[in-house]
Amino acid sequence: MTDLRVLSVASEAYPLIKTGGLADVAGALPLALAHEGIEMGTLLPGYPEVIGAMDKTVALALPESVTRMAGGHGRLLLGAVGGLWLLVLDIPHLYGRPGNPYLAPDGTDWPDNGLRFGVLSRMAAEIAMGCVAPWVPDLVHAHDWQAGLTPAYMAMAPGRHPPSIITIHNLAFAGKMPLTLGETLGLPDWMLGLDGAEFYGDLSLLKAGLRYADAITTVSPSYAAEILTPEWGMGLDGLLRARSHVLHGILNGIDIQAWNPSSDRLLAAAYDAGHVAARATNKASLQAMMALELNPQAPLFGLVSRLSWQKGVDVLMQALPALLECGGQLAVLGNGDAELVAAIRTAAAEHPGRIGCFIGYNEAVAHAVQGGCDALLVPSRFEPCGLTQLYALRYGAIPVVARVGGLADTVIDANVMALNAGVATGVQFAPVTPTALAAAITRTATLYNDKPVWARMQANAMSTDVSWRGPAREYARLYRSLVAA
Ligand code: ADP
Ligand code: GLC
């Protein structure tokens with residue numbers, strides 16, 4: 001029973017193409033919304049990975065406005081992949097580049113990213129205005145800076161247009177482009193001033209979205225509050241404060257089928273809350289994979305992360321003495337900044353058997369870490385939502401998190417009252433400093449050595465509802481209120 005159609009506009013979606021949590025969300029939300037009577041179609045760029053996964057497609061000609069802006073020809077492919085209903089913008093000279101969707105092989109941004117994602121947004125606005133009739137959306141949901149111009153193009157179109165929402169997954173990425181690109185992107189002068197999409201002398205595709213969308217969401221209530229402050233507003237807090245009446249914080253869920261320890265084929269041993277002892281097999285397997293000592297007693301800490309300033313990996317490096325001091329081991333899966341990669345490799349070389357790493361992006365290893373580590377570290381300086389702590393909860397790996405953003409909202413700290421009440425699911429620390437993280441690691445090791453307490457925390461963690469059910473209901477309610485307005 002579908003009574004609402006929503007167009008989602010994203011630059012990545014699991015399982016087709018993923019660089020981070022945005023893909024998890026864009027891939028899982030449509031499936032969850034189907035249970036709320038909402039049919040979500042997802043507009044994606046036609047990367048080779050996406051087109052390669054589609055079969056039985058229908059090809060439509062592109063609207064003239066899109067072809068003109070793109071400066072070349074293409075088509076819009078309609079099709080389904082694994083439960084996702086997709087609209088794929090196949091313009092080979094813009095998107096026909098395998099690998100990372102945003103970066104050239106040398107690690108720098110593709111120089112035409114402004115055009116690539118401007119054209120994607122233009123296509124979204126054309127669909128919103130009915131160019132794929134009879135599939136006309138009742139609402140458009142744009143994600144992050146890559147889809148940021150969508151609400152702007154919709155606002156420019158003459159006549160009535162459906163409501164639009166933009167979701168901020170990470171305010172640190174403003175989609176900054178030279179202001180001169182505004183003309184190529186067909187933006188009128190009135191949109192290129194301070195009251196429009198101009199941002200400190202540049203054009204910000206994200207700011208355009210925040211300015212012209214009917215509603216703004218971000219991925220946790222705490223982050224929704226943090227981004228109203230100069231400290232975490234990344235220069236956009238003024239605009240966000242002015243629009244705070246349409247700003248909502250809705251937590252992410254996770255795909256509980258893809259992340260299910262009882263049926264996870266990527267684990268050495270599958271297990272459920274009644275059989276957590278089987279985690280020992282996964283721990284041994286992870287220790288072997290990361291060249292760690294095969295020691296069942298050592299508290300094994302895990303990290304699955306982009307290696308960047310946001311994620312506080314440098315803070316963790318400085319807290320390593322405490323981790324080693326309490327007999328711990330560390331298994332790192334990540335890739336990113338070269339200095340952080342080097343620091344991790346050096347630490348692993350200096351402490352063989354105690355610190356191990358897998359540098360790179362690997363879905364199977366991510367599951368192995370979640371299923372095998374005792375505690376998962378998330379020392380982020382800021383974290384809009386964070387998904388790895390949610391996977392950790394589901395897998396009975398105790399999350400040790402910075403008290404920021406979505407981490408603060410999803411983990412119940414093992415303070416005395418929470419322990420007495422039997423509700424703790426993890427460990428929180430603040431501020432994000434080596435000293436506070438070191439103390440949290442030591443506290444975690446103490447909890448780990450208290451077997452009944454630890455077992456209770458694992459049971460609590462594994463019974464936490466981290467599914468999309470609740471969040472999907474909140475999105476559905478918001479969509480309906482905007483469509484009814
Ligand atoms: P962000 O989107 O800021 O990177 P999230 O916690 O929301 O942070 O999402 C990160 C996602 O990327 C999770 O699904 C996590 O498992 C995955 N991930 C991060 N680094 C790696 C890696 N090196 N290999 C495999 N998966 C990774
Ligand atoms: C961003 C954020 C992360 C969030 C993800 C999905 O990448 O950094 O906190 O979980 O988007 O919303």
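Tabulated data
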| item | result |
| --- | --- |
| Unique residue being at pLDDT 95 or above, more than 23 Å from Thr446 (Cβ to Cβ) and away from ligand 1 (no atom under 11 Å from the Cβ) when the list is Gly356, Gly360 | Gly356 |
| Tally of residues being farther than 17 Å from Leu390 by Cβ and surrounded by 14 or more Cβ atoms within 10 Å (Cβ to Cβ) across segment 247-265 | 2 |
| Given (1) away from ligand 2 (no atom under 16 Å from the Cβ); (2) in a helix (DSSP H, G or I); (3) hydrophobic (A, V, I, L, M, F, W, C), index of the condition Leu407 fails | (1) |
| Any chance Cys373 is under 29 Å from Ser263 (Cα atoms), surrounded by 24 or more Cβ atoms within 10 Å (Cβ to Cβ) and more than 21 Å from the chain's Cα centre (by Cα) | yes |
| Per-region count, segment 376-396, residues within 10 Å of ligand 2 (Cβ to nearest atom) and charged (D, E, K, R) | 1 |
| Matching option when the condition is of a type in the set (A, V, I, L, M), surrounded by 24 or more Cβ atoms within 10 Å (Cβ to Cβ) and not in a loop (DSSP other than H, G, I, E, B), among Leu419, Leu390 | Leu390 |
| Residue list for segment 186-218, restricted to those being of a type in the set (D, E, K, R), surrounded by fewer than 16 Cβ atoms within 10 Å (Cβ to Cβ) and assigned to a loop (DSSP other than H, G, I, E, B) | Asp195 |
| Residue tally, condition under 21 Å from the mean Cα position of the chain (by Cα), part of a loop (DSSP other than H, G, I, E, B) and not hydroxyl-bearing (Ser, Thr, Tyr), over segment 219-260 | 18 |
| Some residue of segment 115-130 being aromatic (Phe, Trp, Tyr) and more than 16 Å from ligand 1 (Cβ to nearest atom) | yes |
| Condition check for Ala436: free of Cβ contacts under 8 Å to residues at least 24 places away in the same chain, under 15 Å from Arg381 (Cα atoms) and not charged (D, E, K, R) | yes |
| Segment 21-44, residues that are acidic (Asp, Glu) and more than 16 Å from ligand 1 (Cβ to nearest atom) | Glu36, Glu39 |
| Members of segment 414-473 that are polar (S, T, N, Q) and under 30 Å from Glu36 (Cβ atoms) | Thr425, Asn460, Ser463, Thr464, Ser467 |
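The values are calculated or read from the model by the stated rules, or taken from the named source; none is laboratory data. The model shown is predicted, which means the values in this text are computed figures rather than measured ones. Cβ coordinates were reconstructed from backbone atoms using ideal geometry, including for glycine residues, and neighbour counts include every protein chain displayed.
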